[in-house]
């Protein structure tokens, strides 16, 4: 039994009318942006650029010149590890510097994730990170989505997967010492993980997108056993 990647959705009359009366500039591309100047403000593990640019407008003509800051990151991969037989998921818990001011805790429950290095495919990263962060080999890998988490100021793209696994024996603390990783592995029933999501404990985009996909496709996955 195959997975339903895209449910059938019918356009309403309003949607159909809108699509047939799009403004002339609705199909803009990269050629409709004029980059006047690019200046590097900071370069370390990530890079921050200041862009001076203008772009075409939907109603015709060009915008006034503007300044935008863009955070350049490696592309990333996330993989939700799911044990079909046991209806269980594997999550990892670690300190996150970006959440240091979180009112609850800067230690976050997440799906396995990592950055794409030069020459790697997203699928290779998903399998590598599953081993490094959770000690978990991945069987079938289902591609879910590729998306920009924050295109207003960051060029990072995330490729999201569901990895089918055997969760028996998983747990403990993992991660690469040379990267200062200290990662605790949790094996949870889907029902318990969904409770955590509903309670706001799973509060990052990768988790939310992946778990809503799994909620929709879980019955199809389990029917294939």
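The values are calculated or read from the model by the stated rules, or taken from the named source; none is laboratory data. Every value quoted in this text rests on a predicted model; they were computed, and no experiment measured them. Don't worry about glycine lacking a Cβ; one is built from the backbone with ideal geometry, like all the others, and counts go over all protein chains shown.
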The residue from 150, 121 that alone is at pLDDT 95 or above, farther than 20 Å from residue 222 by Cβ and surrounded by fewer than 12 Cβ atoms within 10 Å (Cβ to Cβ) is 121
If a residue has to be surrounded by fewer than 19 Cβ atoms within 10 Å (Cβ to Cβ) and under 17 Å from the mean Cα position of the chain (by Cα) to count, how many in segment 58-93 make the cut? 6
Residue 174 is checked against (1) closer than 15 Å to residue 80 by Cβ; (2) buried (at least 17 other Cβ atoms within 10 Å of the Cβ) and fails just one. What number does that condition carry? (1)
Kindly check whether there is at least one residue in segment 9-21 that is modelled with pLDDT under 95 and within 30 Å of residue 224 (Cβ to Cβ). yes
Does segment 139-147 contain any residue that is at pLDDT 95 or above, assigned to a helix (DSSP H, G or I) and closer than 20 Å to residue 116 by Cα? no
Failed condition for residue 201, given (1) in a helix (DSSP H, G or I); (2) modelled with pLDDT under 95; (3) in contact with a helix residue (DSSP H, G or I) (Cβ under 9 Å, 6 or more places away or on another chain), with all others met? (1)
